[in-house]
Amino acid sequence: MSVKKITANEFKDMIRIGSHRLDQNAKFVDSLNVFPVPDGDTGTNMNLTFQSGYKAVNEADYEHVGELAKALSKGLLMGARGNSGVITSQIFRGFGKSLEQKSQLTATDLSEALVGGVQTAYQAVMKPVEGTILTVARGASEAAQVVAQQDADVLSVMQAAVAGAKKALAKTPDLLPVLKEVGVVDSGGQGLLFVYEGFLQALGGQVSDAEVYQPNESEMDDMLNAAHHQSAQAQFEVSDIHNGFCTEMMVQLGVDPTTSDTFQYEEFRNYLANIGDSLLVVADDEVVKVHVHTQHPQQVFAYGKRFGNLSKIKIDNMRIQHETIVENDDDSVPTRQPVKELDYAIIAVVSGAGLEKLFTSLGVTTIISGGQTMNPSTQDIVDAINNSHAQRVLVLPNNGNIVMAAQQAQEVVDIPTQIVPSKSIAQGMTALLSFDQTADLMTNQENMTEALPDVKSGQITQAVRDSVISDLHVKENDVIGIVDGEIVVNGSDAVQVSIAMVQKMVDGDSEVVTIIIGQTGEQAIAEQIAADIETAFDDLEVEIHQGDQPVYPYLIAVE
């Protein structure tokens, strides 16, 4: 069988079957997150992300592959959930960008689109880590390129891409130490392979279930013995922002007679990266939009002037900016009352009625319901920002797997927004204590971010399977204590495990212990934990709050 062109209908089939294949295997991808608590969600996040993309393509009435690819990109972008979903959206953003002018696809077009996806994804990740979905995407694109240079058959190119992805996936344990430890492949890479296999099926290629990586019983036992392995995308860190001038400009390329240089995206972006951070450069053939935090805004403008006419210039001096709250109008007619515009909106992602009340009492103006196993999408965060009725916004993700989606939302909204990269409920609470209503946006972001390491985050939950974590032999249904992502203690009694965990968290600077009771937690047990902590540590103050959070009966913070 030979396929020379991919039409719009065939492209829709590729997206449909790719989405279906990922959906059918999402639980398996989740299982590769082998931390023995019920919170593995890479497959779930990738699946929900890709379903959003498929929905956008399915609803698009286009007979042009480029237009469909653009719809796919937008659907994935706004539906992206978790780090794996965000990176997937970036892969297909580059994929779609390469196909903008293509009404049908040749073998060369397909291979170039796969390459474009890799380039965009690597650019989007601040610190790319090999042994992840990025490696698998690159392996697929490189194999596709080789075949496209020799064969005009689209099916052959897609077969090569799948083979290249499988080969790269098999090598992920050699590239990422946490995978090498137990010989398990990367979960995000496995999810992408399922999508590509769906593409192959849509083009008439054969993919048998036997070809899919499935561990036998012995291999699964090894996987479950992994040392606090989470999805590899959790390796990505967000750098602190220290520059004091929020600088923006739009460059109309080539329209100024004094223009001296030809615009090259990589060169342009790299120059600005060297003189600032929080950099965003969005460009097409006519316009470049820049957002950067720097100590040298005039240097940014001078550089932009070399490529064209500048417009929409903006500098916020982070040290002197101060705005006042807009007073509400007369509320005598409630149905027509103007919405109160806020100086600041603080948006937090939490799950549980108690936590919602607690975060609201600490100054949060908007709650997005979500968290572990329930990551909100980029669209959810964008909607919260756009509906905040605020002049400036701070976002607290409160989960390491939501930070990238929050950053992606920041890039597409017009309201000045900053992300405080909190990775736990405890960090979010601590960050809120550093918020200053009179400070400018960047100062608040920096101060709140600097406060994050001041708190240690502990979680008490129940193991869902037998596992060996370092020297701990965990049995199914054991009570386990997790500190900042690492299982440190296990046992049969929640009080004893909690006290042992707190002992590992406390140091000479510790002052306050906060216990937050979850949906399955009990007030009496929390009070007993508090009493035992006070007995063991005379100088510690203990607080108890009702959080109603899922997954973790007790959250315990030490600061």
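Values quoted throughout were computed directly from the atomic coordinates according to the rules given, and no laboratory measurement underlies them. Computed from a predicted structure; not experimentally measured. Neighbour counts are summed over all protein chains in view; Cβ atoms, including those assigned to glycine, are modelled from backbone coordinates with ideal geometry.
Observations on the structure shown:
- Under the simplified labelling scheme, the Asp343-Asp454 pair shows an inter-label distance of 2.1 nm, with each label point 7 Å from Cα along Cα→Cβ.
- Spin-label proximity, Ser361 to region 413-455 - amide N less than 16 Å from point 7 Å beyond Cα toward beta carbon: 426, 429-430, 432-433
- Remark: region 357-371, residue by residue, has Karplus-estimated 3J(HN,Hα) of 5, 5, 5, 5, 5, 8, x, 5, 9, 9, 9, 9, 6, x, x Hz, where x stands for each Gly or Pro and the curve is 6.51 cos²θ - 1.76 cosθ + 1.60 at θ = phi - 60°.
- Distance in nm between pseudo-label sites at Met126 and Leu540 (7 Å out along the Cβ direction from Cα): 3.1
- Tail beyond 25 Å, pair distance distribution of region 43-156 (Cα, percent): 20
- Cut-off 18 Å, label 7 Å out along Cα→Cβ of Leu433, residues of region 471-490 by amide N: 484
- Residue order, fewest to most surrounding Cβ atoms within 10 angstrom, among Ser470, Ser510: Ser470, Ser510
- Cα-only Debye scattering, region 334-454: base-10 log of I(q)/I(0) at q = 0.13, 0.16, 0.20, 0.22 Å⁻¹: -0.45, -0.68, -1.08, -1.31
- Here the simple spin-label model places points 7 Å from the Cα toward Cβ, and for Glu486 and Gln299 these points are separated by 3.8 nm.
- Distant-in-sequence amide H partners of Ala80 (H built 1.01 Å from N, under 5 Å): Thr378, Gln379
- Neighbourhood net charge (11 Å Cβ-Cβ; Lys/Arg +1, Asp/Glu -1) for Gln427: -1
- Loop-located GluC sites (Glu not before Pro) in region 386-484 (DSSP state other than H, G, I, E, B) with a sparse environment of at most 15 neighbouring Cβ atoms within 10 Å: Glu476.
- At R0 = 22 Å, FRET efficiency that the Cβ-Cβ distance of Asp277 and Asn386 yields, to 0.05: 0.30
- For the pair Val413 and Gln150, the difference between a 0.36 nm per residue extended length and the Cα-Cα distance amounts to 90.3 nm.
- Using a Förster distance of 22 Å, the FRET efficiency for Asn58-Ser103 (Cβ separation, nearest 0.05): 0.70
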